[in-house]
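Here the structure comes first, spelled out in structure tokens, and everything after it is commentary.
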Amino acid sequence: MAYFIRRLVLLFITLVLVSLITFAVFQIIPGDPIRIMLGPEADETQIETLEKELGLDQPLHIQYVDWVGGAITGDFGKSIRFSRPVSDLIYDRIPITFSLAVLSVILVVIIAIPLGIYVAKKPNSLMDYALSTVTQVGMAIPSFWLGMLLILYLGMTFSFFQISGYVPWSESILGALGTLILPALTIAIPQIAVSFRYIRTSVLEQMQRDYVRTARSKGMREGSLMYRHVLRNAMIPILTVFGLIFAEVVAGTIIVEQVFGLPGLGSLLITAISYRDFPLVQGIVMYITLIVVFINFIIDILYSIIDPRIRL
């Protein structure tokens with residue numbers, strides 16, 4: 001219980017620090033969102049009226065307290081560019097980004113873990129060298145270039161894949177998969193390469209431990225040994241990597257959504273930055289931070305379940 005409370009306190013502190021940094025950064029970035037919103041012909045009266053309406057005439061500490069107070073209730077203010085509540089804009093886009101991130105992580109899990117375990121059982125084999133070489137290339141490929149290659153060689157060849165736009169899940173499951181599978185592969189392939197190498201190394205290290213030799217000498221089957229003992233002990237570093245991978249996946253959607261024309265949080269963030277829409281940018285950053293911090297919180301809890309010694 002004490003471990004759980006400590007993790008919650010750290011989660012809260014992280015969110016507070018990110019909110020402070022986010023708010024402070026957007027106060028010093030050049031560019032006046034009010035003048036961008038009203039245009040160059042606006043007079044001082046119009047500017048002062050809009051500043052008062054948006055609360056920008058208040059001291060910075062009052063602006064921050066008001067913003068945090070609204071954020072706690074899900075109110076991140078009103079978008080300067082779209083003249084709509086920031087929360088509504090995020091809620092409209094987040095299902096797309098969330099679906100893309102989850103599909104990417106699923107691809108990483110179902111491909112990287114079996115391959116890593118398989119190669120760890122046969123170290124220094126031809127398959128080991130081949131996959132290690134391929135994954136080295138996979139880690140080096142930029143995501144935007146990989147996305148364009150997938151569009152060129154898969155999207156243009158097979159009609160199932162759609163190279164732009166988005167079909168909601170409620171409209172067509174196959175249509176949604178068709179629009180998301182190529183972007184998900186674009187994000188997943190580099191992460192598969194990274195996680196494969198970590199899984200291989202972690203499992204291989206555990207298989208060289210004394211307890212594995214002892215279990216084999218007692219006649220334990222390889223399947224039981226692998227899944228009941230080796231994987232359990234190897235999961236701590238693997239979970240750490242997957243926490244980092246999820247953060248990379250969420251960040252990777254920003255670029256990939258632009259490549260494939262997906263109307264998710266990534267494309268909305270680019271638009272908000274272009275128009276100096278500070279309330280919208282702050283809201284998106286906080287939502288992304290909340291998702292990443294929550295995932296890491298879940299991983300911390302899984303640590304304590306897999307290895308109870310961590311609670312101490």
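Structure notes:
- Among [x] 23.7, 86; [y] 20.5, 65; [z] 17.9, 56, the entry that matches Rg and Dmax of the Cα atoms in Å as calculated here: [x]
- Helix 44-54 vs. the chain, principal-axis angle (Cα, 0 to 90°, nearest 10): 40 degrees
- The fraction of accessible area contributed by carbon and sulfur in the chain is 67 percent, rounded to a whole number (1.4 Å probe; ligands and nucleic acids excluded).
- Counting only alpha carbon atoms, the long axis of helix 126-140 and the longest principal axis of the chain meet at about 10°.
- Stretchable slack from Phe82 to Ile173, in nm (0.36 nm times residue separation minus alpha-carbon distance): 29.8 nm
- Rounded to the nearest 20 debye, the dipole size of the chain about its Cα centre is 2260 debye, using +1 on the Cβ of Lys and Arg and -1 on the Cβ of Asp and Glu.
- From helices alone, the chain scores -25000 deg cm²/dmol at 222 nm; the rule is -39500 (n - 2.57) for each run of n ≥ 4 DSSP H residues, then divide by the residue total.
- Against the chain, whose longest principal axis is taken from its Cα atoms, helix 173-207 shows a tilt of about 50°.
- Between Thr253, Ser132, Gln208, the Cα set farthest toward the positive side of the dipole of the chain (charges on each charged residue's Cβ, about the Cα centre) is that of Gln208.
- Accessible area per residue (1.4 Å probe, heavy atoms of protein chains only) ranks Arg81, Arg200 as Arg81, Arg200, with the largest value leading.
- Residues with amide H under 5 Å from that of Lys78, placed H, sequence gap 5 or more: Val86
- In the elastic network of the chain, a GNM with C-alpha springs shorter than 10 Å, the most mobile of Phe12, Phe23, Phe196 is Phe12.
- A Gaussian network model of the chain, with springs between Cα atoms under 10 Å, assigns the largest mean-square fluctuation among Leu103, Leu149, Leu115 to Leu149.
- 1.4 Å probe accessible area per residue over the chain, in Å²: 55 Å²
- If you run the Gaussian network model on the chain, springs between alpha carbon atoms under 10 Å, then out of Val134, Val203, Val194 the most flexible one is Val134.
The values are calculated or read from the model by the stated rules, or taken from the named source; none is laboratory data. Predicted model only: the values in this text are computed from it and were never measured. Note that we place each Cβ from the backbone using ideal geometry, even for glycine, and neighbour counts take in every protein chain shown. To get the accessible areas, we keep the full protein, side chains included, count just its heavy atoms, and leave off ligands, DNA and RNA. Shrake-Rupley method; radii C 1.70, N 1.55, O 1.52, S 1.80 Å.
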